[in-house]
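Chemist: Below is one structure. I have some questions about it.
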Amino acid sequence: MQVVIIGSGNTATVLGKLLKENGFRISQVISRNIAYAEILANELSCPFGDLSSSINETADMYLIAVSDKFIHEVVNYIPKNNKLILHTAGSVSIKVLENVTNQFGVLYPLQSLRKEIANSPEIPFLIDGNDQEVVDKIKLIAQKISSKVAIANDDMRLKLHLTAVFVNNFTNHLYTMAADYCKKEQLEFDLLKPLIFETANRLKSVQPIDVQTGPAIRNDAYTIERHNQLLQNYPDLKEMYIYFTKQISSFYL
């Protein structure tokens with residue numbers, strides 16, 4: 001199967017490499033940024049161009065892997081030849097492609113992807129298509145690059161995208177705030193990493209509700225007050241501490 005990759009960022013790079021490694025032929029890389037297109041094309045050993053270039057019209061599949069806000073724009077440049085067209089976004093409706101082809105769908109990687117990482121992590125894919133035949137076709141493609149494939153319509157995909165923000169983006173920001181506190185207080189953040197890894201590792205076998213610990217769940221008012229005193233000079237951290245303490249205490253009542 002010949003594939004045109006539209007995009008040159010993290011998702012385009014990781015998926016482009018995965019597809020090539022699993023027998024797909026990348027026939028072209030198209031990007032709004034011609035310099036980035038050339039870099040990815042060199043990695044995938046294929047021609048490249050920007051949106052003003054002639055997009056290969058003989059490809060079997062066009063994979064749109066750009067930022068969500070640019071999908072509507074790049075759709076207008078894809079040849080209207082009724083080939084399979086997929087986007088990779090979690091929060092964009094499948095309907096954005098309905099006027100371009102009679103075969104369209106979604107191949108959404110539910111994972112944080114970084115193009116500089118040599119070995120890709122396990123990537124679950126959420127897929128959808130405009131009819132059952134297309135869904136089956138996308139499923140076969142997804143199963144060649146991942147062992148975890150699930151069908152998810154626009155509503156399901158958006159809700160999982162939302163929960164991904166909680167478990168990944170928000171959680172990492174808390175790590176960032178904690179690391180900043182450690183730096184200012186001349187503490188070693190690295191000492192906390194085994195705790196981070198152990199908590200995450202436990203989720204392989206149990207549910208999050210079963211691994212909750214800390215002073216909030218114990219109603220340890222003495223420790224909570226001492227912590228709040230330490231945060232007098234860190235209003236943002238103190239606000240977060242008070243909020244999460246209240247949420248945890250209320251949840252486990």
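Chemist: Kindly indicate the residue of the range 193-234 that is outside any helix (DSSP H, G or I) and of a type in the set (Ser, Thr, Tyr) and also surrounded by the most Cβ atoms within 10 Å (Cβ to Cβ) among those meeting that condition.
Modeler: Among those residues, the one meeting the criterion is TYR234.
Chemist: Hey, does the range 44-61 have a residue that's in contact (Cβ under 8 Å) with a residue 12 or more places away in the chain, of a type in the set (Gly, Ala, Ser), surrounded by 20 or more Cβ atoms within 10 Å (Cβ to Cβ) and outside any loop (DSSP other than H, G, I, E, B)?
Modeler: No; the residues of the range 44-61 include none that is in contact (Cβ under 8 Å) with a residue 12 or more places away in the chain, of a type in the set (Gly, Ala, Ser), surrounded by 20 or more Cβ atoms within 10 Å (Cβ to Cβ) and outside any loop (DSSP other than H, G, I, E, B).
Chemist: Residues in the range 77-120 that are crowded, with 17+ Cβ neighbours inside 10 Å, touching a Leu at 6+ places or on another chain (Cβ under 6 Å) and either without any contact (Cβ under 8 Å) to a residue 40 or more places away in the chain or among the small types (Gly, Ala, Ser) (or both): how many?
Modeler: 4
Chemist: Before we move on, is ILE242 of a type in the set (A, V, I, L, M, F, W, C), in a helix (DSSP H, G or I) and more than 17 Å from VAL167 (Cα to Cα)?
Modeler: yes
Chemist: Further question: Restrict the check to the range 132-141 and report whether at least one residue is within 16 Å of the chain's Cα centre (by Cα) and either under 21 Å from ALA37 (Cβ atoms) or surrounded by 14 or more Cβ atoms within 10 Å (Cβ to Cβ) (or both).
Modeler: no
Chemist: Take the residues of the range 16-43 that are of a type in the set (Val, Ile, Thr) and assigned to a strand (DSSP E or B): which is surrounded by the most Cβ atoms within 10 Å (Cβ to Cβ)? So that I can check it myself, show each step before the final result.
Modeler: First, pick out the residues of the range 16-43 that are of a type in the set (Val, Ile, Thr): 26, 29-30, 34, 39.
Okay, now just the ones that are also assigned to a strand (DSSP E or B), so 26, 29-30.
Values: ILE26: 23, VAL29: 27, ILE30: 30.
For the range 16-43, the residue satisfying everything is ILE30.
Chemist: Of the residues TYR181, TYR243, which is surrounded by 12 or more Cβ atoms within 10 Å (Cβ to Cβ) and outside the structural domain of LYS83 (by TED's automatic domain parsing)?
Modeler: Just a single option satisfies the conditions, and that option is TYR181.
Chemist: With respect to ILE34, determine if the residue is closer than 21 Å to ILE141 by Cβ and either among the β-branched types (Val, Ile, Thr) or in contact with a His (Cβ under 7 Å, 6 or more places away or on another chain) (or both). Please lay out each step first, then the result.
Modeler: Values: closer than 21 Å to ILE141 by Cβ: no; either among the β-branched types (Val, Ile, Thr) or in contact with a His (Cβ under 7 Å, 6 or more places away or on another chain) (or both): yes.
No.
Chemist: Looking only at the range 62-76, count how many residues are crowded, with 17+ Cβ neighbours inside 10 Å and not in a helix (DSSP H, G or I). Write out each step before concluding.
Modeler: Just the residues of the range 62-76 that are crowded, with 17+ Cβ neighbours inside 10 Å, to begin with: 62-66, 71, 74-75.
Then keep just the ones that are not in a helix (DSSP H, G or I); that gives 62-66.
The qualifying residues number 5.
Chemist: Can you give me the number of residues within the range 1-48 that are closer than 21 Å to LEU110 by Cβ and of a type outside the set (S, T, N, Q)?
Modeler: Number satisfying all stated conditions: 14.
The values are calculated or read from the model by the stated rules, or taken from the named source; none is laboratory data. It should be emphasised that the depicted structure is a prediction, and the values quoted were computed from it without experimental measurement. All Cβ positions, glycine included, derive from the backbone under ideal geometry; neighbour counts span all protein chains shown.
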